[in-house]
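S.K.: Take a look at this one; I'll ask things after.
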Amino acid sequence: MPRKYNVAVAGATGAVGKTMIRVLEERDFPVGEVRFLASERSEGKVLSFRGEPVTVHKLDHGSFEGIDIALFSAGGDRSIMFAPSAARAGAVVIDNSSAWRMDPDVPLVVPEVNPGAIAGYKAKGIIANPNCSTIQMVVALKPLYDFAGIERIVVSTYQAVSGTGQKAIDELERQVRQWARRREEGRRDEPMGYVGRYEFNAYPHQIAFNCLPHIDRFNSNGYTKEEMKMVNETRKILEDDSILVSATAVRVPVFFSHSEAINIRFKRPVSAEKARELLSAAPGVKVVDDPLNNVYPLALDAEGQDFTLVGRIREDISQENGLDIWVVADNIRKGAATNAVQIAEVLIRDFM
Ligand code: NAP
Ligand code: 3JN
């Protein structure tokens, strides 16, 4: 009989947690006992796993007895507070928050890119899942990096509201419904993206029909925390602190899937044709690149699946050894839930 593993999901009722549960089911992860944990607000709620009801319990220090793998997506504060308890109880924690990502004793892992780093989990019993925007970028960059080395990356993101959680998904829907209602009521004298009438809480501005160059808090250097995550995590995953990265992270009124325009300067030349060949053979990547027939990666095509889509591959006309690419992936799946479950798969296959 193949071994089964007892799995806890902390944050089971959230956008990422619910998707982790679905991905464990879809990928037929060898789960023995499953334990769903969330805040006291959700205590007693009943979710399902493989058709069986599972009651949600309050996340606490004693939640992890007998657990082999603890998948965390309950926010950074909970990860700081409870991941060490889970590790002490003998579980390996796979954490979706930024709490442990830059800890030198915690591996930061994208299975297509640096699966070997998982070996470092023993130091603290914790493995970190990178930020969603970093994950899809490094999946696309890795084969190019191995071929030509990278000097500098300039990236702009177009991030879906699901990255902020369920409340932001609901807010975009509510604002769009309010807009449609007003149009139906005949208020056609108002400007199309009329601001000021739609309640907003998830962001400092209305997100419907808008783009917000603001994700997470601003740092003193003028970049946001989200942008600096992309800088620091990319260097850690590729194990190359010499790579220069400048990021601009933008929230757009899309429900699922982040898109990224990435400009790369390599150490050596890479033609667009060579890049297409390397990316076509890369794990987890699907090249979608026939622009003359209107074929390029789209958020709506990435939604619900696990590939990182890469297209608009072209040589940069403004510099030597430069390429431009457009990269799209489902931020809740490959950007969070699927990546975490893939880490668990490598962990049990090679390390436990
Ligand atoms: P969400 O939809 O708001 O869900 C939050 C989850 O955390 C819910 O299950 C919630 O339980 C639980 N929670 C909140 N406060 C808690 C507490 N005091 N004790 C126990 N559980 C608590 O958010 P989400 O989008 O799923 O994101 C959750 C976390 O995942 C984020 O904070 C972030 O750290 C991480 N994340 C990572 C990525 C990535 O890029 N890899 C992307 C998105 C999110 P209740 O339902 O009971 O409130
Ligand atoms: O905004 C997005 O699109 C991704 C958000 C990720 C996120 C949201 C809240 C807290 C994170 C993260 O994974 O970096 C965190 C965090 O810092 O843990």
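A short reminder: the numbers here are calculations on the coordinates, not readings from a lab. Fair warning: this is a prediction, and the values are worked out from it, not measured in the lab. Note: ideal-geometry Cβ built from the backbone for every residue, glycine included; neighbour counts use all protein chains shown.
S.K.: With a 10 Å cut-off between alpha carbons and a GNM built on the chain, which of Q305, Q319, Q206 moves the most?
M.R.: Sorting by GNM fluctuation, first place goes to Q319.
S.K.: Given +1 on the Cβ of Lys and Arg, -1 on the Cβ of Asp and Glu, and no further charges, what dipole in debye does the chain carry about its Cα centre, rounded to the nearest 20?
M.R.: 500
S.K.: Additional query: For the charge dipole of the chain, defined by +1 on Lys and Arg C-beta atoms and -1 on Asp and Glu C-beta atoms about the Cα centroid, which residue among L309, W179, V288 has the Cα displaced farthest towards the positive pole?
M.R.: Checked the options; the winner is W179.
S.K.: How far is the Cα center of the stretch 18-77 from the Cα center of the stretch 254-331, in Å?
M.R.: Distance between centres, Cα-based: 35 Å.
S.K.: Which of A282, A70, A340 moves the most in a Gaussian network model of the chain with Cα springs under 10 Å?
M.R.: Its mean-square fluctuation being the largest, the pick is A282.
S.K.: Going by how many other beta carbons lie within 10 Å of each one, how would you line up R3, R174, R78, fewest first? List each step's numbers first, then the result.
M.R.: Numbers: R3 9, R174 16, R78 20.
Least crowded to most crowded, the residues run R3, R174, R78.
S.K.: May I pose another question? Using modelled backbone amide H atoms (1.01 Å from N, in-plane), which distant-in-sequence or interchain residues come within less than 5 Å of N331's amide H?
M.R.: Close amide H contacts, sequence-distant or interchain: S257, H258.
S.K.: Oh, and also: Under the rule of -39500 (n - 2.57) per DSSP H run of 4 or more residues, summed and divided by the residues of the chain, what mean residue ellipticity at 222 nm is obtained, to the nearest 500 deg cm²/dmol?
M.R.: Per the formula, -8500 deg cm²/dmol.
S.K.: For Q305 and E26, compute 0.36 nm times the residue count separating them, minus their Cα-Cα distance, and round to one decimal in nm.
M.R.: Residue separation times 0.36 nm, minus the Cα-Cα distance, leaves 99.3 nm.
S.K.: Ok, one more. Among the listed pairs K225/K334; K124/K229; K142/K229; K225/K286, give every one whose C-alpha distance is greater than 23 Å.
M.R.: K225/K286
S.K.: Return the sequence-ordered ³J(HN,Hα) values of the stretch 201-207 in whole Hz as given by the Karplus equation 6.51 cos²θ - 1.76 cosθ + 1.60 applied to θ = phi - 60°, using x for Gly and Pro.
M.R.: Couplings: 10, 5, 10, x, 9, 4, 9 Hz.
S.K.: Which order results if T157, T13, T55 are arranged by neighbouring Cβ count within 10 Å, fewest first?
M.R.: So the ranking, lowest neighbour count to highest, is T55, T13, T157.
S.K.: How big is the charge dipole of the stretch 238-352 about its Cα centre, in debye rounded to the nearest 20, if each Lys and Arg gets +1 on its Cβ and each Asp and Glu gets -1 on its Cβ?
M.R.: Its charge dipole is roughly 80 debye.
S.K.: Same structure again: Please list, ordered by chain and number, the residues whose modelled amide H lies under 5 Å from the amide H of I127; skip anything fewer than 5 residues away on the same chain.
M.R.: V93, I94, D95
S.K.: Below 8 Å between Cα atoms, with a sequence gap of 6+, how large is the relative contact order for the chain in percent?
M.R.: Values: 761 pairs, mean separation 63.6, N = 352.
This gives 18 percent for the chain.
S.K.: If you take the alpha carbon radius of gyration of the stretch 102-237 and divide it by 2.2 N^0.38 Å, what ratio comes out, to two decimals?
M.R.: Here the Cα radius of gyration is 1.40 times the empirical estimate.
S.K.: Based only on other Cβ atoms within 10 Å, what is the fewest-to-most ordering of R276, R35, R349? Walk me through the numbers before you get to the answer.
M.R.: Values: R276 15, R35 21, R349 10.
Ranking R276, R35, R349 by Cβ neighbours within 10 Å, fewest first, gives R349, R276, R35.
S.K.: As an exercise, use a Förster radius of 41 Å and the Cβ-Cβ distance of R177 and L292 to find the FRET efficiency, rounded to the nearest 0.05.
M.R.: 0.65
S.K.: Among P253, P130, P291, which one moves the most in a GNM of the chain with springs linking Cα atoms closer than 10 Å?
M.R.: Answer for the Gaussian network model of the chain: P291.
S.K.: So, one more: Over all directions, how big on average is the projection of the convex hull of the alpha-carbon atoms in the stretch 1-71, in square nanometres?
M.R.: 4.7
S.K.: Please report, largest first and rounded to whole Å, the three semi-axes of the ellipsoid equivalent to the chain, where each semi-axis is the square root of five times an eigenvalue of the C-alpha gyration tensor.
M.R.: 32, 29, 18
S.K.: Nearest-5 percent of antiparallel DSSP beta bridges in the stretch 5-78?
M.R.: Within the stretch 5-78, antiparallel bridges account for around 25 percent of the total.
S.K.: Highest first, please rank the peptides 131-142, 322-333, 14-25 by the mean number of other Cβ atoms sitting within 10 Å of their residues. Intermediate results must be reported in sequence, preceding the final value.
M.R.: Numbers: 131-142: 27.2, 322-333: 25.6, 14-25: 22.1.
The peptides rank, most packed first, as 131-142, 322-333, 14-25.
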